[in-house]
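Here the structure comes first, spelled out in structure tokens, and everything after it is commentary.
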Amino acid sequence: TSTNYSDHLTLGRLYMTAGRSDEAGKEFRRAVELGRGVPESWLTYVQYLVQAKQIDQAKAVIEAARKELPADRATLTLAQCSLFLGDAKQAEDLLGKVLNEEGRSADPVALRLAPTVALNQNRLDEVNKYLDKLDKVADISPGDKAWANRVRIALLLNKGRPAYRDQALALVDQNLSNDRNSIEDQGDRKSVV
């Protein structure tokens, strides 16, 4: 009975974890109804619909999001939704709009999405370009920096050369020096060594 969208997102995620997909979908839909201007509500619901293979419904929800979300949040959200649908070209076009908007070229959320889009299109040179831009963001969060390093680690390990393993290990150690308890980075360390 809550009127707070985030309560419904949380309950929906709990239902998903419990394997109760139908109930989760109802909660995610309710979160959208209550949080019409909140990108997270739309993203979660679209992701659920795609995972449930309700693609036509997901497309309809994306169209509704296009109309409902405030302009300053819509384009990036729609890019993420396009990526959920597997439409990397549409995601790239929308992401390009965001990054070309005045004052958004250093948007950390957009710069985290951009490498994912480039990876989906197997454009590794673009991945590094966006990671470099993310590194230059003045107030980059430690989480964003660690994430960028993890992407670089995966790219280096994919090359399969011993010299690249050393570079990957240095990035893992850099992440661990900032957060010794990071499970992701501890796992990366085991993969590299």
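Derivation of every value follows stated rules applied to the coordinates shown; laboratory data play no part. Source: prediction; values computed, not measured. Counting neighbours? That spans all protein chains shown, and the Cβs are built from the backbone with ideal geometry, glycine included.
Quick rundown of the values:
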{"read-out": "Rounded to the nearest 20 debye, dipole of the chain from Cβ charges on Lys, Arg, Asp, Glu", "value": "420 debye"}
{"read-out": "Segment 100-164: GluC sites (Glu not before Pro) falling in loop per DSSP and having at most 16 other Cβ within 10 Å", "value": "GLU101, GLU102"}
{"read-out": "Candidates ARG36, ARG161, ARG123: whichever shows maximal mean-square fluctuation once the chain is modelled as a Gaussian network with Cα springs under 10 Å", "value": "ARG161"}
{"read-out": "Per-residue [θ]222 nm for the chain (sum of -39500 (n - 2.57) over DSSP H runs n ≥ 4, rounded to 500)", "value": "-25000 deg cm²/dmol"}
{"read-out": "Binned Cα-Cα distances of the chain, short to long, each 10 Å bin given as a whole percent", "value": "9, 28, 31, 26, 6, 0"}
{"read-out": "Mean Cβ neighbour count within 10 Å, used as a protection proxy, ranking 42-52, 137-147 highest first", "value": "42-52, 137-147"}
{"read-out": "Relative contact order %, the chain, counting alpha carbon pairs below 8 Å whose residues are six or more apart", "value": "10 percent"}
{"read-out": "Computed label-point distance, nm, for sites ILE183 and SER141 using a 7 Å Cα→Cβ extension", "value": "1.8 nm"}
{"read-out": "Added length on full extension, which subtracts the Cα-Cα distance from 0.36 nm per residue, GLU40 to ASN120", "value": "26.6 nm"}
{"read-out": "Protection proxy ranking of 179-190, 1-12 - average other beta-carbon atoms within 10 Å, highest first", "value": "1-12, 179-190"}
{"read-out": "Candidate lysines for bridging to LYS67, where Cα separation is under 22 Å - those fewer than 8 sequence places away on the same chain excluded", "value": "LYS26, LYS59, LYS89, LYS97"}
{"read-out": "Potential extension, ALA60-ASP173 segment - 0.36 nm per residue separation minus Cα distance", "value": "36.2 nm"}
{"read-out": "Given charges at Cβ of Lys, Arg, Asp, Glu: the chain dipole, positive-most of ALA74, GLY25, ASN100", "value": "GLY25"}
